[in-house]
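**Q** I'd like to ask some things about the structure below.
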Amino acid sequence: MHRQPGDGWVECGCGSRHWGLNGAAGLMLWRVGADGVEVVLQHRALWSHHGGTWGLPGGAITDGEDAGDGAVREAVEEAGLDAAGMRVWAERSLVHPDWSYTTVVAESVGPQEPSVSDPESLEVSWVPMDGLDGRELLPAFGESLPLLRAMVRRLVLVVDAANVVGSRPDGWWTDRAGATTALRDHLGALITDGLPASDVELPGDRWYPEVLLVTEGAARGVPAAGGVDVVAAARSGDDAIVDEVRRLVLDPVNDVAVTTADRGLIARVGALGARTLGPRLVRH
């Protein structure tokens with residue numbers, strides 16, 4: 001088998017031996033199929049570690065590689081997946097004394113035809129999430145499965161621009177459009193860099209949200225940019241937010257969180273099934 005930088009065993013202080021001199025990473029790619037959520041699983045070759053079990057495509061992280069990039073690269077190499085057809089939503093790391101394993105949770109957003117593309121797999125295929133309990137799973141994957149199931153969701157942040165901008169007395173009232181533009185650009189950075197899971201009250205370590213910024217009044221002309229969608233309220237910003245939340249919660253995979261401190265709005269979106277997070281989460 002071809003070796004690359006990072007391949008090798010680590011004798012860990014936990015008492016176990018782990019593959020990946022720089023740690024390892026795997027990809028949990030999911031989609032909503034006709035029978036519910038499905039994930040791409042690899043049936044491991046019999047000669048491999050825990051051969052014959054089912055787990056996530058993944059492997060050792062190469063020198064200087066980010067864990068997220070490593071997970072996607074390994075999935076492309078091992079499972080014939082298309083990196084352009086994925087949308088990463090979250091990451092979770094299992095940290096040992098001398099080694100770590102990062103699971104990247106991503107959604108299939110384009111055609112994906114998993115296939116065996118190297119000798120490490122007996123089979124690679126879409127498997128219904130509800131059917132995983134009936135398979136022999138890689139032990140570490142089986143142990144983490146309850147948490148990973150809870151991470152199969154899209155985090156959608158609906159940002160109350162007027163409330164967030166107005167939550168700090170920094171002179172925003174002299175240039176509402178400029179202050180909202182600065183907020184939009186900050187939100188774009190959050191999409192790229194992610195947010196700590198504890199800050200968004202979700203499992204795992206980091207989440208990369210979809211962001212919808214709702215503007216009103218003098219900020220209505222701020223355009224979308226940097227991955228941030230912008231909705232200009234025709235009248236009341238609160239009404240526009242409620243309309244967007246009502247639309248978004250129709251998809252049960254969406255975890256909709258509204259960033260606002262407005263008590264009336266909190267009650268309205270809560271009645272629709274959305275969560276609320278304070279303005280500090282997204283304030284620049």
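**Q** Within the stretch 197-210, can you find the residues that are in contact with a Phe, Trp or Tyr (Cβ under 8 Å, 6 or more places away or on another chain) and in a strand (DSSP E or B)?
**A** Hit for the stretch 197-210 is 207, nothing else.
**Q** Tell me, which residue of the stretch 150-192 that is modelled with pLDDT of 90 or more and in a loop (DSSP other than H, G, I, E, B) is surrounded by the fewest Cβ atoms within 10 Å (Cβ to Cβ)?
**A** In this case the residue turns out to be 152.
**Q** If you don't mind, another one. Only strands (runs of 3 or more DSSP E) wholly contained in the stretch 1-116 count here; list those with 3 or more residues that are under 18 Å from the mean Cα position of the chain (by Cα).
**A** Counting at least 3 such residues, we get 24-33, 36-44, 86-95, 100-108.
Yes/no per residue for (1) surrounded by fewer than 17 Cβ atoms within 10 Å (Cβ to Cβ); (2) under 18 Å from residue 95 (Cα atoms):
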| residue | (1), (2) |
| --- | --- |
| 106 | no, no |
| 114 | no, no |
| 119 | yes, no |
| 122 | yes, no |
| 128 | yes, no |
| 135 | yes, no |
| 140 | no, yes |
| 143 | yes, yes |
| 146 | yes, yes |
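**Q** Further question on the same structure: Among 222, 211, 253, which is surrounded by fewer than 17 Cβ atoms within 10 Å (Cβ to Cβ), of a type in the set (A, V, I, L, M) and assigned by TED's automatic domain parsing to the domain that holds residue 162?
**A** Being surrounded by fewer than 17 Cβ atoms within 10 Å (Cβ to Cβ), of a type in the set (A, V, I, L, M) and assigned by TED's automatic domain parsing to the domain that holds residue 162 holds for just one of 222, 211, 253, which is 253.
The values are calculated or read from the model by the stated rules, or taken from the named source; none is laboratory data. Computed from a prediction, not measured in an experiment: that's the story for all the values here. All Cβ positions, glycine included, derive from the backbone under ideal geometry; neighbour counts span all protein chains shown.
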